[in-house]
1. Against the condition open to solvent by 40 Å² or more (accessible area, probe 1.4 Å) and more than 9 Å from chain B (Cβ to nearest Cβ), how does A:ILE48 come out, does it pass?
2. Please find, among A:ALA40, A:ALA55, A:ALA116, the residue that is away from chain B (no Cβ under 13 Å) and among the hydrophobic types (A, V, I, L, M, F, W, C).
3. Go through region B:138-182 and report how many residues are open to solvent by 30 Å² or more (accessible area, probe 1.4 Å) and part of a strand (DSSP E or B).
4. When you scan region B:276-300, how many residues do you find that are crowded, with 21+ Cβ neighbours inside 10 Å and part of a strand (DSSP E or B)?
5. Is there a residue being closer than 19 Å to B:GLU376 by Cα and not assigned by TED's automatic domain parsing to the domain that holds A:GLN127 anywhere in region A:18-29?
6. If we scan region B:214-232, do we find a residue that is touching a Ser or Thr at 6+ places or on another chain (Cβ under 7 Å) and either assigned to a strand (DSSP E or B) or not assigned by TED's automatic domain parsing to the domain that holds B:ARG296 (or both)?
7. Residues of region B:388-406 being more than 25 Å from B:ASP428 (Cβ to Cβ) and in contact with a helix residue (DSSP H, G or I) (Cβ under 9 Å, 6 or more places away or on another chain), which ones?
8. Which numbered condition trips up B:ILE240, out of (1) surrounded by fewer than 18 Cβ atoms within 10 Å (Cβ to Cβ); (2) within 17 Å of B:GLU112 (Cβ to Cβ)?
Amino acid sequence: MIIKQLSVFLENKTGRLTELTGILADNDINISAFSIADTADYGILRMIVGRPELAAEVLKKNGFTVKITDVVGMIIPHRPGGLHKALQIISDNNVAIDYMYAFASGDCKATVVIRAESLDKIIDVLQGHKMELLKKGDVYQV
Amino acid sequence: MIWNEHYECMEREKLLKLQGIRLKEMVKRVYDTVPYYRKKLQDKGIEPDDIKGMDDLKTLPFTTKQDLRDNYPFGLFAVPQPDIVRFHASSGTTGKPTVVGYTHNDIQMWSEVVARSLTMAGVTKADIIQVAYGYGLFTGGLGLHYGAEKVGASVVPISGGNTKKQLQLIEDFGSTVLACTPSYAAFIGESLVEEKIDPNKIKLKAGVFGAEPWTQEMRMQIEQVLGIKAYDIYGLTEIIGPGVSMECQFQHGMHIFEDHFIPEIINPDTCEVLPYGELGELVFTPATKEAMPLIRYRTRDLTRIHAEKCECGRTLVRMEKCVGRSDDMLIIRGVNVFPSQVESVLLEMSETKPHYLIVVDRENNLDIMEIQVEIEEEFFSDEVKELEGLRQRIKANIASTLGISTSIRLVEPGTIERSMGKAKRVIDKRNLH
């Protein structure tokens with residue numbers, strides 16, 4: 001149930017992100033989800049990609065600071081109240097979330113990527129409430 | 001091992017007498033041959049016969065870097081140009097370079113003091129010494145080269161840069177001694193790890209590092225990664241180049257070769273001579289130099305001198321590592337800041353390495369200091385709170401060491417320029433001159 005997220009340290013410099021997406025494109029790596037946490041001086045790029053190990057390797061080779069982080073992908077209905085219901089379950093069970101980002105595609109589902117202190121606990125809780133989780137194999141299709 | 005026991009272990013009283021004789025002779029010589037000095041001495045009402053010994057040193061006028069600039073290029077030479085066999089020059093960070101000349105005897109004397117220095121680091125004719133100081137106008141390369149040849153060691157005159165080749169020759173030739181700037185030694189160490197060269201396969205045992213300030217922490221890091229003992233060598237182009245002073249195996253400061261370079265410590269503001277043990281500006285009178293003898297040259301280096309006899313048997317005084325140069329000293333909102341202080345903070349923290357750049361600017365009449373620090377791959381966290389925590393810790397540690405608040409910018413690893421020579425640590429954008 002744990003999926004691999006790519007985290008990259010990026011200085012706020014013009015063109016730096018474009019450099020990164022270029023490298024991924026050249027290596028035929030698809031980006032499924034993407035978010036940036038930004039501060040005044042730098043950003044932390046988080047993304048779900050196909051073949052994360054390869055992606056990490058080629059980025060490192062090109063001088064990027066990369067880390068692979070474990071996250072959980074939660075699939076929720078794409079309709080009013082869908083996210084609320086899921087978060088209610090998580091907060092009722094006192095699971096602390098470090099960060100999350102979400103994306104909805106055209107169909108009736110949305111995916112939320114969650115990084116939490118205890119991933120095992122969040123998986124237990126969500127599965128206990130019959131919430132659908134993203135499996136490793138699903139990643140490419142996200 | 002002591003290269004020249006007669007001079008290095010001379011009784012202090014005898015040494016003082018020798019210095020007095022050499023000083024007297026030199027003052028007469030510059031009075032006769034250097035118009036600039038004759039005028040300077042006359043202005044102070046000093047005639048050569050007034051100088052009878054070391055007691056009279058304090059009456060003589062000082063020489064500064066500005067005097068050298070004013071007399072660019074050859075105005076302070078005490079011999080005619082045909083007697084000069086070599087020139088060197090120090091990089092002019094501001095304006096014109098400082099030019100120095102050497103006679104044949106000066107080169108001999110320089111080789112002698114470098115030979116003494118190398119012997120302190122345990123170098124013998126059996127060693128292979130890789131000289132990775134720059135060769136050229138800079139004194140580092142050729143200075144070490146001639147001294148090493150005098151010792152009889154096998155010299156690899158590779159000069160600075162081309163790190164891959166440095167590593168290759170360290171491996172293939174089995175170099176036992178490395179001579180370069182400490183920042184380049186650290187870079188070679190880093191590259192060794194990167195290239196996955198087994199440290200047990202290299203034969204390096206000692207390093208002779210100088211030409212820029214470095215810290216005790218940096219020494220330990222270099223020693224560990226290269227598996228060597230690192231020695232500090234001191235010198236400056238104006239006096240001779242490397243080999244003005246050098247650490248012996250006990251490393252209680254650097255022995256000054258006082259029979260050639262007469263040291264003093266002065267209060268930089270009042271110019272009053274300070275007793276041994278007190279912190280002040282280092283001043284040298286290179287009394288035996290033929291081509292360009294200088295009277296009481298102010299080095300701008302701040303340090304202390306200790307005169308107690310060293311365990312190694314040498315009677316030569318020892319100078320501490322300089323705490324900074326008054327010209328790389330930054331004054332930030334009235335506080336004196338040395339880049340070496342920032343370096344030691346970063347070295348003390350386990351999450352950072354000393355790859356940093358200080359950028360000083362002035363906004364609304366207020367000095368601001370930014371320190372760019374490379375984040376270390378292994379400590380990269382993808383959570384903002386962790387990185388911000390690291391930034392705050394660096395900021396707090398710097399503040400407690402420097403006594404001023406700075407802004408810390410985390411930058412990507414490998415983006416701060418690595419030096420092949422003197423490291424560039426400071427960009428001062430203030431227009432204060």
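The values are calculated or read from the model by the stated rules, or taken from the named source; none is laboratory data. As the structure is a computational prediction, the values presented were derived from the model and not from experiment. Positions of Cβ are backbone-derived with ideal geometry, glycine not excepted, and every protein chain shown enters the neighbour counts. Protein only, heavy atoms only, side chains kept; ligands, DNA and RNA dropped before computing areas. Shrake-Rupley method; radii C 1.70, N 1.55, O 1.52, S 1.80 Å.
1. For A:ILE48, the condition - open to solvent by 40 Å² or more (accessible area, probe 1.4 Å) and more than 9 Å from chain B (Cβ to nearest Cβ) - is not met.
2. On the way: A:ALA40 fails: away from chain B (no Cβ under 13 Å); A:ALA116 fails: away from chain B (no Cβ under 13 Å).
A:ALA55 is the lone residue from the list that is away from chain B (no Cβ under 13 Å) and among the hydrophobic types (A, V, I, L, M, F, W, C).
3. Count: 2.
4. Qualifying residue count for the region: 10.
5. Filtering region A:18-29 down to residues closer than 19 Å to B:GLU376 by Cα leaves none.
No: zero hits.
6. Start the filter on region B:214-232 by keeping residues that are touching a Ser or Thr at 6+ places or on another chain (Cβ under 7 Å), which leaves B:215, B:217.
From the residues that got through so far, the ones that are either assigned to a strand (DSSP E or B) or not assigned by TED's automatic domain parsing to the domain that holds B:ARG296 (or both) too are none.
No, region B:214-232 contains no residue that is touching a Ser or Thr at 6+ places or on another chain (Cβ under 7 Å) and either assigned to a strand (DSSP E or B) or not assigned by TED's automatic domain parsing to the domain that holds B:ARG296 (or both).
7. Initially, region B:388-406 is screened for residues more than 25 Å from B:ASP428 (Cβ to Cβ), giving B:388-390, B:392-393.
Result: B:LEU390, single match.
8. (1)
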